[in-house]
Amino acid sequence: MIRRFLLYIGRWQLSSPILAPIVALFTGTPIWGTWQTWAGTIVANLIGGCIFFWVDRFIFTSASVEMWHVKENGICDKCGKEASLWRLVLAPNYDKRQSEPKFLCMECSKLKTDELRRKGLKIRGKSY
Ligand SMILES: [Zn+2]
């Protein structure tokens, strides 16, 4: 976890060479900036990284966010039709990250999500 956090903070610092010259440009200093421009950019990216590490972690791991896998083209595991395929991986009270992947065509996927909703799961679903 601490390694991921440090990598994330480092990734944020990669934007400093882009951000500092733009801040310099908008503050009327030379495009290469002053030490204050660079110090401010680095500190801002440090603060941003510390905040958005948790925000991004919530977005990408929270069960309140649905995770879908999509295949451009393939064979539906339910009806055998060749089509674009979807697979619901993660939703509130629904976690198939460790299950064998089953991809469904649009019609079968809609039937499956309707069935899950009847069972009480709160699934928003793909926008079909
Ligand atoms: Zn199907």
For region 17-118, listing trypsin sites (Lys or Arg not before Pro) in a DSSP loop whose Cβ sees at most 10 other Cβ atoms within 10 Å gives Arg97
Residues whose built amide H sits under 5 Å from the amide H of Trp68, excluding neighbours closer than 5 in sequence, are Val89
Any idea how far the Cα center of region 74-128 sits from the one of region 13-64, in Å?
39
When the Karplus curve 6.51 cos²θ - 1.76 cosθ + 1.60 is applied with θ = phi - 60°, which whole-Hz ³J(HN,Hα) does each residue of region 29-46 get, with x for Gly and Pro?
9, x, 4, 7, x, 9, 5, 5, 4, 5, 4, x, 5, 5, 5, 4, 5, 5
How high is the FRET efficiency from Cys79 to Trp32, r the C-beta distance, R0 41 Å, rounded to 0.05?
0.10
Using only DSSP helix segments of four residues or longer, with each worth -39500 (n - 2.57), what per-residue ellipticity at 222 nm results for the chain after dividing by its residue count and rounding to 500?
-16500 deg cm²/dmol
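Any read-out appearing in this document is the output of simple, stated calculations on the displayed coordinates, not a laboratory observation. Just so we're clear, the structure is a prediction, and the values are computed from it rather than from any experiment. Note that we place each Cβ from the backbone using ideal geometry, even for glycine, and neighbour counts take in every protein chain shown.
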